[in-house]
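Take a look at the structure below.
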Amino acid sequence: MTALSLLRRGCSVTLIDRWEPGHPRASSSDYNRIFRSIHGKDEMYTQWVRESRLRWIELQAELGCELYVECGALVLAAEGHSAWEDATIGTFEKLGIPHFIFGPDELPARFPQFDFNHIAYGLYEPEAGMVMAQRAVVETAKLFQREGGKLKRGRVVTDEHEALFLDGKPLDADVIVVCTGPWLGEMYRRTVRPISNIVRQNIIYTSTPEGSTAYDYTDMPCWIDHGLGAYGIPSIQGTGVKAAIAWTAAIIDLDNDERVVDDATFTRTRSYIQKRLPGLVGQRAVDQKACQIAMTPDTHFILDFHPVHENVLLSGGCSGHLFKHGPVYGDFSAGVALKEYGTADRFKINARGKLSAGESPSGR
């Protein structure tokens, strides 16, 4: 999105990637990502998502393929553990974001797929859903090339001074935007690594019951379940139900680990399904993904110029919630790259600390 935005500003842009766009090692290589405006008390991210929603709709019309699926998003506010959800309600009311609050008596009638044990209320956002992530990356890369952008295969590395090299030669340009996802911290061990922790995210897709549409996106929303440290996406185009446990203790060797899930992932996922999605108990796994998330302590993104190499803009720190902002974030980062305006204070490279659940934009 940044490359496309720079191109449309009249720049000559070369996009360099180690693999083919949409490759399975990228953080955005899974089929889909949850799209929701729910960001606690943070108004900036909430407004960004609302604008991104319109831009995703425009982009899919331009490309002629489905990128944004509006099936709604349901956040389960756990009893005694709802600071993030409570803060979101206040933000939604202030900004006029469409939403509904359903109590424990009403939830089962509206969303019969779930067991709502120990849930205080549900916060439902109807103008939310999912973005088809891998397809969006592939199709946007094609659009970038159709409009004159150059796509080059190669690995960019840094030396001990964090200067950039491609194929053994210094990488030179008027401005270089480094948005290598989880590899950003590996490339910039002094500058980015102290504020970026890479977390392995193993995901299993579970089959829906035969002859039933109850767990399809037409009948079921995406959901976030912080009380049990989980989130999920209903089945779409036969993928099965994505029920993921946000297991932050897992680490990943970005270059050497096999991209397959382990037995522990099956155990955790099936334990969660038994507690929250009883209708899927006994259904078989039909697909799996091994991804990763670059987490910053405060879960704010990173978008700032390198302190030494003044033409190098570092972009990352997805913290699990950047992808849905893609169209707006790409446009904003392109403007920062060209110094049309400065970056936001929250995105600057500096010391960061963990936020409370009510303050955190991601709820983590």
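Remarks
- Members of the range 97-127 that are within 26 Å of TRP48 (Cα to Cα) and within 24 Å of the chain's Cα centre (by Cα): ILE97, PRO98, HIS99, PHE100, GLY122, LEU123, TYR124, GLU125, PRO126, GLU127
- Every residue from the range 67-89 that is surrounded by 13 or more Cβ atoms within 10 Å (Cβ to Cβ) and not hydrophobic (A, V, I, L, M, F, W, C): TYR68, GLU70, GLY72, HIS81, SER82, GLU85, ASP86, THR88
- Count of the range 165-218 residues which are assigned to a loop (DSSP other than H, G, I, E, B), over 26 Å from TYR329 (Cα atoms), at pLDDT 95 or above and among the acidic types (Asp, Glu): 1
- Within the range 17-64, considering residues that are among the aromatic types (Phe, Trp, Tyr) and touching a Gly at 6+ places or on another chain (Cβ under 9 Å), the one surrounded by the fewest Cβ atoms within 10 Å (Cβ to Cβ): TRP56
- Some residue of the range 133-143 being buried (at least 18 other Cβ atoms within 10 Å of the Cβ), in contact (Cβ under 8 Å) with a residue 40 or more places away in the chain, at negative phi and touching a Pro at 6+ places or on another chain (Cβ under 6 Å): yes
- Within the set LYS348, LYS289, the sole residue that is basic (Lys, Arg) and closer than 24 Å to ALA163 by Cβ turns out to be LYS348.
- Residue check for ALA243: out of contact with any Cys (no Cβ under 9 Å at 6 or more places or on another chain), closer than 28 Å to TYR121 by Cα, in a strand (DSSP E or B) and touching a residue at least 24 places away in the same chain (Cβ under 8 Å): yes
- Test: THR206 is among the β-branched types (Val, Ile, Thr) and surrounded by fewer than 18 Cβ atoms within 10 Å (Cβ to Cβ): no
- Conditions (1) over 26 Å from THR296 (Cβ atoms); (2) in contact (Cβ under 8 Å) with a residue 12 or more places away in the chain: number failed by VAL199: (1)
- Residue match in the range 47-63 (condition: in contact (Cβ under 8 Å) with a residue 24 or more places away in the chain, under 28 Å from GLY154 (Cα atoms) and hydrophobic (A, V, I, L, M, F, W, C)): yes
- If you go through the range 219-229 and keep only what is assigned to a strand (DSSP E or B) and within 20 Å of GLU66 (Cα to Cα), you end up with just CYS222.
- The range 219-266: number of residues that are among the aromatic types (Phe, Trp, Tyr) and modelled with pLDDT under 90: 1
- Applying the condition of being assigned to a loop (DSSP other than H, G, I, E, B) and touching a helix residue (DSSP H, G or I) at 6+ places or on another chain (Cβ under 8 Å) to the range 12-26 and asking which residue is farthest from ALA230 (Cα to Cα) yields VAL13.
- Residue in the range 320-334 that is basic (Lys, Arg) and touching a residue at least 60 places away in the same chain (Cβ under 8 Å) present: yes
- Filtered residue count, the range 99-131, keeping only those that are within 13 Å of ALA77 (Cβ to Cβ) and part of a helix (DSSP H, G or I): 1
- Of the residues making up the range 255-291, those that are closer than 15 Å to SER207 by Cβ, touching a strand residue (DSSP E or B) at 6+ places or on another chain (Cβ under 9 Å) and either in contact (Cβ under 8 Å) with a residue 12 or more places away in the chain or outside any helix (DSSP H, G or I) (or both) are PHE266, THR269, ILE273, LEU277, LEU280, GLN283, ARG284, ALA285, VAL286, ASP287, GLN288.
- Considering only residues in the range 145-196 that are in contact with a Leu (Cβ under 7 Å, 6 or more places away or on another chain) and among the acidic types (Asp, Glu), the one that is surrounded by the fewest Cβ atoms within 10 Å (Cβ to Cβ) turns out to be GLU147.
- Residues satisfying the criterion are present in the range 306-317 (criterion: hydrophobic (A, V, I, L, M, F, W, C), surrounded by 21 or more Cβ atoms within 10 Å (Cβ to Cβ), in contact with a helix residue (DSSP H, G or I) (Cβ under 7 Å, 6 or more places away or on another chain) and at pLDDT 95 or above).
The values are calculated or read from the model by the stated rules, or taken from the named source; none is laboratory data. Here the structure is a predicted model, which means the values were calculated and not measured. Cβ: placed from backbone, ideal geometry, glycine included. Neighbour counts: every protein chain shown.
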